[in-house]
Amino acid sequence: MTTAAPSPRTIFAFWVPLSLQWIMMALEHPFLAAVIARLADPTFNLAAYGVAFAVAILIESPVIMLMSASTALVEDARSYLKLRAFAWLLNVLSTALLCLVLVPAVFRALTGTLLGLPEEVAALVYGSLWILLPWPAAIGYRRFVHGVLIRAGRTRRVAYGTATRLGTMAATGLILASLELPGAWVGAGALAGGVVVEAVVAFLLSRDVVRAVVNEDLDPARFQVQPVEQRVYPGRSARVGEGSARARSAGGPHRAGPVKVDGASLEDGELGFHAIASFYYPLALTSLIGLTTQPLLTFFMGRAPAPVESLAVFPVVMALYFLFATFGLSYQEAAIALLGRQGEHRGPLGRFALGLAATASGSLALLAFTPLARVWFEAISGLTPELAALAFVPAQIIAVGPALTVLTGFQRALLVQARRTRPITLATALEISLIAALFPILGWGMGWMGVTAAMGALVTGRTAGALFLFSQVRRVYG
């Protein structure tokens, strides 16, 4: 017996808390950019904040996919404990990498020789990265725990935790700004404070779910998302796992035979480090390759026309894009949870993804191509009229980006659920290769302003990546 296909209303109800989580995170950067823009030396500090954030994101890349991994793999006490140990190993390694970057000789080679940053910007970046030292481990822990909550259907708790992060970030940013610290340090301090508090809240909100997993107080169906028609959403009374217990007794869906993890076979419930590594390393490579986008573009913009202006505008435009791209980033985790063990619900989830893609890009286009753009970049983001004018065309180019993010997220979910993660890495490598090839043509060859060339290369690369993933999904699902 298979579970009933989820209705659009069911998908929406499950996805909305995850979307709210990502939207709240997306609001961080416009808020902090607006704060920094109103402090002393806004151009240098916005540029430094953008570079520091790009470096921090690149360093945390190994832990980014822990949410997808725990959503897909945590099924019982053994798999939870194994993946938790794996997650902490990644957290330690990411923190050690950030410490390495902060070694003065390494930092000078990175910001001076490689990025060619002005001395004033580099000094601000150095202080910002010290402030962001807790960032990688806090992000890794909370993403692992959030995946466990998503698998249990507790998506509202994920949103609650991020709400505390947003509130902490805003309060910390305003307090630090009142102390007349450099704007880049204000932004870094606000980000670090927010993610640390979110990690603590994730621990507190997940204790009952984790206890149920570790004590085997769940039906061995196992700790998978409950069938749609039997799902208990957060806020409704039911013991964790009750829905899956009913599903199993009714003969609910169940992956037959050994589970394949990109070639590594394991029996249900026998998840080991080799299987985790086989499943996870393509995802980690995907994050590492994908997150090189912002540092790579930062490097290119430093050598393109109007470098300081481009570096100042780039994080503001990317923050606007990210606000609408959250639709797709959040949908990936929801789709993994709702697809079914054999991907049997991909039809309704795919149709929902198409509507979501149109809504996301349509909303950004409405802002970018109308007078609302001036309101956003000047009144809300706090850019000067001169800098705001430089942001209009890049924002228009990236308007198609949110739709690509939704479609890419859904295709990734299909491959993760099928335990085929390597094509995800190949698609991201293709995307970055095209970006690296196209930017020099647009920015250095054709003389486009750096931020404009960056958005043109970004859209082209992501379109190619989405098309590649589409071909791989067809091979897996027919």
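Listing for the model above:
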{"item": "Meets criteria (part of a helix (DSSP H, G or I), free of Cβ contacts under 8 Å to residues at least 12 places away in the same chain, under 30 Å from VAL308 (Cβ atoms) and out of contact with any Leu (no Cβ under 9 Å at 6 or more places or on another chain)) for ALA388", "result": "no"}
{"item": "Sole residue being under 21 Å from GLU309 (Cβ atoms), assigned to a helix (DSSP H, G or I) and either free of Cβ contacts under 8 Å to residues at least 24 places away in the same chain or not hydrophobic (A, V, I, L, M, F, W, C) (or both), chosen from LEU442, LEU467, LEU458", "result": "LEU442"}
{"item": "Qualifying residue in segment 125-137 (condition: modelled with pLDDT under 90 and surrounded by 23 or more Cβ atoms within 10 Å (Cβ to Cβ))", "result": "no"}
{"item": "Selected residue (only one of ARG84, ARG156, ARG108, ARG151 is charged (D, E, K, R) and buried (at least 23 other Cβ atoms within 10 Å of the Cβ))", "result": "ARG151"}
{"item": "Some residue of segment 114-121 being crowded, with 16+ Cβ neighbours inside 10 Å, more than 30 Å from ALA13 (Cβ to Cβ), modelled with pLDDT of 90 or more and more than 19 Å from the chain's Cα centre (by Cα)", "result": "no"}
{"item": "Residue within segment 170-189 that is modelled with pLDDT of 90 or more, under 21 Å from the mean Cα position of the chain (by Cα) and surrounded by fewer than 19 Cβ atoms within 10 Å (Cβ to Cβ) present", "result": "yes"}
{"item": "Selection within segment 84-114 - β-branched (Val, Ile, Thr), out of contact with any helix residue (DSSP H, G or I) (no Cβ under 7 Å at 6 or more places or on another chain) and closer than 22 Å to PHE273 by Cα", "result": "VAL92"}
{"item": "Hey, LEU102 farther than 22 Å from SER68 by Cα and crowded, with 18+ Cβ neighbours inside 10 Å or not", "result": "no"}
{"item": "Lone qualifier among LEU18, LEU46, LEU32, LEU73 - being touching a residue at least 12 places away in the same chain (Cβ under 8 Å), under 26 Å from LEU356 (Cα atoms) and buried (at least 24 other Cβ atoms within 10 Å of the Cβ)", "result": "LEU18"}
{"item": "Residue list for segment 436-463, restricted to those being over 13 Å from LEU404 (Cβ atoms) and surrounded by 24 or more Cβ atoms within 10 Å (Cβ to Cβ)", "result": "PHE439, GLY443, GLY450, VAL451, THR452, ALA453, ALA454, ALA457"}
{"item": "First in segment 158-183 and in a loop (DSSP other than H, G, I, E, B), second anywhere and surrounded by 19 or more Cβ atoms within 10 Å (Cβ to Cβ), Cβ under 7 Å, 6 or more apart", "result": "PRO182/ASN45; PRO182/LEU124"}
{"item": "Selection status of SER7, among the polar types (S, T, N, Q) and more than 19 Å from the chain's Cα centre (by Cα)", "result": "yes"}
{"item": "Leading residue by the ranking (modelled with the highest pLDDT) among those in segment 50-104 that are over 24 Å from PHE410 (Cβ atoms) and in contact with a Lys or Arg (Cβ under 9 Å, 6 or more places away or on another chain)", "result": "ALA87"}
{"item": "Only one of ARG419, ARG341 that is within 21 Å of the chain's Cα centre (by Cα), more than 25 Å from ALA184 (Cα to Cα) and not in a helix (DSSP H, G or I)", "result": "ARG419"}
{"item": "Near pairs, Cβ below 7 angstrom, 6+ apart or cross-chain, from segment 121-139 (under 18 Å from SER61 (Cα atoms)) to any residue that is among the acidic types (Asp, Glu)", "result": "TRP135/GLU60; PRO136/GLU60; ILE139/GLU60"}
{"item": "Cross-chain or 6+ apart pairs with Cβ under 7 Å, segment 337-366 first and closer than 15 Å to PHE410 by Cα, then surrounded by 22 or more Cβ atoms within 10 Å (Cβ to Cβ) and among the small types (Gly, Ala, Ser)", "result": "LEU339/ALA413; LEU349/ALA335; ALA357/ALA403; ALA358/ALA403; ALA360/GLY328; ALA360/ALA403"}
{"item": "Single condition SER79 does not satisfy, out of (1) among the hydroxyl-bearing types (Ser, Thr, Tyr); (2) more than 28 Å from PRO307 (Cα to Cα); (3) surrounded by fewer than 23 Cβ atoms within 10 Å (Cβ to Cβ)", "result": "(3)"}
{"item": "Per-region count, segment 387-421, residues on the phi < 0 side of the Ramachandran plot, of a type outside the set (A, V, I, L, M) and modelled with pLDDT under 90", "result": "3"}
{"item": "Residue that is modelled with the highest pLDDT, among those in segment 265-280 that are assigned to a helix (DSSP H, G or I) and surrounded by fewer than 17 Cβ atoms within 10 Å (Cβ to Cβ)", "result": "ALA277"}
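Table: residues versus (1) touching a Lys or Arg at 6+ places or on another chain (Cβ under 8 Å); (2) under 24 Å from VAL125 (Cβ atoms); (3) surrounded by fewer than 22 Cβ atoms within 10 Å (Cβ to Cβ).
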residue	(1), (2), (3)
PHE300	no, yes, no
GLY343	no, no, yes
ALA358	no, no, yes
ARG374	no, no, yes
ILE398	no, no, no
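The values are calculated or read from the model by the stated rules, or taken from the named source; none is laboratory data. The shown structure was predicted, so the numbers you read here are calculated from the model rather than taken from an experiment. Using ideal geometry, Cβ is built from the backbone for each residue, glycine included, and neighbour counts are taken over all protein chains shown.
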